[in-house]
Each structure stands twice: as structure tokens, then as C-alpha cells.
Amino acid sequence: MDTASEGLENERLWLGAVAAAIVALIGGALAFPKQVYDGFIWHYFWGPVLADAKGAECAVRSGGATKYIYDAGTCATAPGPVAVPGYTFVSEVGYAVTLIVALIGVVFLLRRLHVGEERGLFFALFPFMLFGGALRVVEDANNALGAGHSSIPFPWNTLIISPVIYFTVFAVTLAALVVSVVLERRGIVENYEYPLAGIGTLVLALTVGHLVVLAMTTSQLKFYPQILVVVLGGATLVTGIVWWLVERFAPEVNAGTAAIGAVVIWGHSVDGIANVAVLDWSGALGLPGPYTAKHPVNRAIIDITSGVLPPSITNVIGTAWPFLLVKIVAALAVVWVFDEQIFEESPRYAILLLIAIVAVGLGPGTRDMLRATFGI
């Protein structure tokens with residue numbers, strides 16, 4: 001079997017598997033609504049999103065209808081299935097599998113479109129990495145405005161609540177890619193990467209602009225530009241120093257990724273410095289109140305630092321700064337793993353994986369930075 005035939009067969013297998021999974025879920029939900037839809041799909045996936053969108057402590061599914069409860073005590077005694085905002089082990093596994101399947105599908109699409117082997121795709125998609133974090137802050141702003149005052153009402157706000165927001169950003173990015181490729185194929189533009197980057201920049205500007213308007217027209221949001229200066233300036237400075245050290249003493253670390261490696265380090269530096277700025281420097285930077293770590297890794301690092309160092313030291317230098325060191329080390333490890341051989345053998349997989357790796361750091365970092373910038 002030649003390469004083209006093998007690729008077509010793999011695409012058919014992927015489409016068949018996805019179609020079979022969808023049919024199984026829909027068929028199961030229709031045949032056994034209480035067990036499959038209420039007890040699985042709604043309980044672990046859709047119910048938590050609805051509870052978050054309504055600002056409720058939990059949502060309860062009963063008699064084919066959803067009831068929202070705003071008291072934690074009542075939620076604890078409510079008959080199941082009960083869904084609370086956030087993730088569960090089942091949902092995290094489900095989303096991880098979905099992400100892997102989606103990435104495989106994207107590789108097939110890129111191969112079908114004959115794009116994705118060029119490193120320019122990575123840089124063209126960079127604005128979308130920022131867009132994802134910024135769009136999540138719109139939902140944070142919605143929550144800050146309170147019921148009845150949100151800028152994006154229910155049910156539309158479900159599109160920007162985790163984890164649905166990941167599918168929303170994915171759909172926008174995929175649509176932008178297809179449109180950009182069509183423009184190139186019709187001779188309207190010379191290179192699809194330029195309109196792709198332009199669309200990403202546009203949706204990012206619209207999203208941040210929406211937050212700026214809310215800061216100017218509501219009392220719940222403020223504007224603290226010093227956060228942008230500290231985080232973006234600090235990340236750029238850290239990246240410059242780390243990059244110089246790598247090029248000077250260990251150039252083999254970045255032999256494969258080249259300029260992409262600098263973006264990987266910068267993206268994770270944004271995440272690290274945003275945590276330090278928000279958790280350790282909030283008072284010094286004039287923020288209205290204290291912030292807490294939202295992710296288990298951050299909290300674990302803070303707990304370890306607090307347990308190892310005495311209060312006389314942590315009161316001065318803080319407890320979140322080791323997270324920045326962890327992010328830099330992790331970014332360097334990733335850059336080192338992606339050597340020249342990987343790009344030569346599987347350029348599309350390498351570029352897509354690096355995009356995902358940057359997004360994992362830059363997305364949360366952008367969210368933390370913009371939440372603090374607008375006082376949310």
C-alpha cells in the first residue's frame with residue numbers, strides 16, 4: 001500500500017470511529033435517557049457547564065428537567081444526579097480523549113489541505129493562543145457583573161465556560177484556517193498565513209476591546225495597566241536572559257525549534273510571572289484585593305515554599321516565584337526534546353504539539369494577567 005492510500009485509509013478509520021462514537025452516544029441517550037444522558041452526559045459534562053453559567057452552587061437533573069440550587073447545604077443533600085461547576089475525573093478523561101482525537105483530525109485536515117509543514121503556521125496561530133485566555137476573562141467579567149447585568153446572557157455564555165470554551169476557540173481557529181487557505185487557493189492572497197494571523201489578531205482585539213468597554217462603563221471592572229507592563233515586560237526580559245544563556249552555553253538545546261523555542265519560553269514565562277505578580281505582588285501593584293492560586297500545581301508549589309522557607313523570608317520575596325522557575329525548566333525541556341529529527345520526520349505533528357504546549361502555558365497566563373488588569 002502506497003503512502004497516499006495508507007493516509008486515505010487512516011482518515012476513513014478516524015471518521016468511522018468518530019461517527020460510531022457519536023451514534024453510540026446519541027442512540028444511547030435516546031434509548032436510555034436516564035442512564036446515558038442524565039447519568040453520564042449531563043452529570044459529568046453538560047450539567048457542570050449549566051451550573052457555572054447560572055452562577056449556581058449546583059444543578060440537579062430530575063424528571064427530565066434541570067433545577068438550579070444556590071445553597072451549598074441543599075446541594076449536599078439533593079438527590080442525584082447533581083452537577084457542580086468545574087471538572088470531575090470522568091470529564092477530564094473525556095476531554096483529554098476528545099483533544100487527542102481532535103488533534104489527529106487536524107493533522108488529517110492539514111495533510112488534506114497540503115499545509116502545516118511550514119513553521120509559519122505556528123506564528124500565524126500565535127494570536128489565537130492569546131485569544132483563548134482573553135475570551136475566558138470575558139466569562140470572568142460576566143460573573144463579576146452579576147446576574148441580570150452580564151454582557152453575554154444565558155445560554156450564550158455557555159460557549160465561553162470551561163471546557164466548552166476550548167471547543168469554541170478550536171472552531172473559530174479551524175474556520176479561520178479554512179477561510180485563509182481558500183483565499184490563497186483562489187489567488188486573493190499570496191500566503192494563507194497572513195490572513196490567518198490577521199483573523200486571529202482581529203478576534204483578539206475584539207475580545208480585549210470588549211473588556212476595555214466594560215471597564216469604562218461598569219463599576220465592577222477597573223483598569224490596572226501596570227499589570228500588563230510587569231507581566232509582558234518581565235516575561236520578555238526573562239526570555240531574553242534565558243535565550244542568551246542557551247545560545248551561549250548550550251545551543252544544542254534549541255537546535256531544532258529555533259525561533260519557536262523563544263516563543264515557548266516566553267509563553268510559559270507569561271504564565272509564571274502572571275502568577276508571581278497576582279499572588280505575591282498584588283498589594284504592591286495596587287490591586288484591589290488578594291488573589292488565590294486556582295490550579296493544583298500552583299497551590300502545591302506555594303504550600304511547599306511556605307513549608308520550607310520561614311515567614312520572615314516569604315513575607316519579603318513571596319511564595320509563588322518557584323512556579324516561574326518550574327515553568328522555565330519545563331519550557332527548556334520541551335525545546336530540547338523537539339530536535340531537528342522530529343521536524344524532519346513529522347513536521348505537522350511537531351508544529352501542532354508545540355502549538356498545544358504554548359497554549360497550555362499562554363492561555364492560563366493570559367487569563368491571570370487580564371483578570372488582574374481589569375480587577376476581576
In Å, the C-alpha Rg and Dmax of region 225-376 are 16.4, 53
Semi-axes of the equivalent ellipsoid for region 69-164, Cα gyration tensor, largest first, Å: 35, 20, 10
To the nearest 10 Å², what's His149's accessible area with a 1.4 Å probe? 130
Cα-based Rg of region 158-287 normalised by 2.2 N^0.38 Å, two decimals: 1.35
Between Lys34 and Ala171, how many nm apart are label points set 7 Å from Cα along the C-beta direction? 3.2
Cα centroid separation - region 56-96 against region 300-376, whole Å: 31
Where does the chain land on Rg/Rh, using Cα atoms and the Kirkwood Rh? 0.98
Under a crude label model (7 Å from the Cα following the beta-carbon direction), how far is Leu245 from Ala102 in nanometres? 3.5
Loop-located chymotrypsin sites (Phe, Trp or Tyr not before Pro) in region 50-143, at most 16 other Cβ atoms within 10 Å (DSSP): Tyr70, Tyr87
If you take every residue apart from Ala359 with its C-beta less than 15 Å away from the C-beta of Ala359, what net charge results, scoring Lys and Arg +1 and Asp and Glu -1? +1
How far, in nm, would the chain grow between Trp14 and Ser306 when pulled straight, counting 0.36 nm per residue and subtracting the alpha carbon separation? 100.3 nm
Between Ile26 and Tyr87, how many nm apart are label points set 7 Å from Cα along the C-beta direction? 2.9
At least 27 Å along the helix axis (C-alpha) and Kyte average at least -0.5, DSSP helices within the chain: 3-31, 89-113, 126-145, 164-185, 193-217, 225-249, 259-279, 347-373
Across Lys222/Lys327; Lys54/Lys222; Lys54/Lys327, pairs whose alpha-carbon gap is larger than 26 Å: Lys222/Lys327; Lys54/Lys327
Report relative contact order for the chain in percent, whole number only (criteria: Cα-Cα under 8 Å, sequence separation at least 6). 19
For region 116-145 versus region 206-272, the gap between their alpha-carbon centres in whole angstrom: 13
Residues of type aspartates and glutamates that Lys34 reaches as a straight line, Cα spacing below 14 Å, ignoring anything fewer than 8 places off in the same chain: none
Find how much the distance from Val178 to Thr236 grows on full extension, using 0.36 nm per residue of separation minus their present alpha carbon separation; answer in nm with one decimal. 17.7 nm
Under a 1.4 Å probe, what is the accessible area of the chain per residue, stated in Å²? 51
Run the reach check for Lys67 against aspartates and glutamates, Cα to Cα strictly under 15 Å, same-chain hits fewer than 8 apart removed. What comes back? Asp38, Asp52, Glu57
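Rounded to the nearest 0.05, what FRET efficiency do Ile188 and Ser219 give with R0 = 51 Å and r taken as the Cβ-Cβ distance? Could you check?
It comes out at approximately 0.65.
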What ranking of Met216, Met129 comes out by heavy-atom accessible area, probe 1.4 Å, highest first? Met216, Met129
Considering the alpha-carbon set of region 173-239 alone, what are its Rg and its Dmax in angstrom? 17.2, 49
What is the gain in length, in nm to one decimal, between Ser162 and Glu252 on full extension, counting 0.36 nm per residue of separation less the C-alpha to C-alpha distance? 28.6 nm
Solvent exposure, largest accessible area first (probe 1.4 Å, DNA, RNA and ligands not counted), of Ser282, Ser151: Ser151, Ser282
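The values are calculated or read from the model by the stated rules, or taken from the named source; none is laboratory data. None of these values were measured; they are calculated from a predicted model. Ideal geometry is used to build each Cβ from the backbone, glycine not excepted, and the neighbour counts take in all protein chains shown. All accessible areas refer to the heavy atoms of the entire protein, side chains included, with ligands and DNA or RNA removed. Shrake-Rupley method; radii C 1.70, N 1.55, O 1.52, S 1.80 Å.
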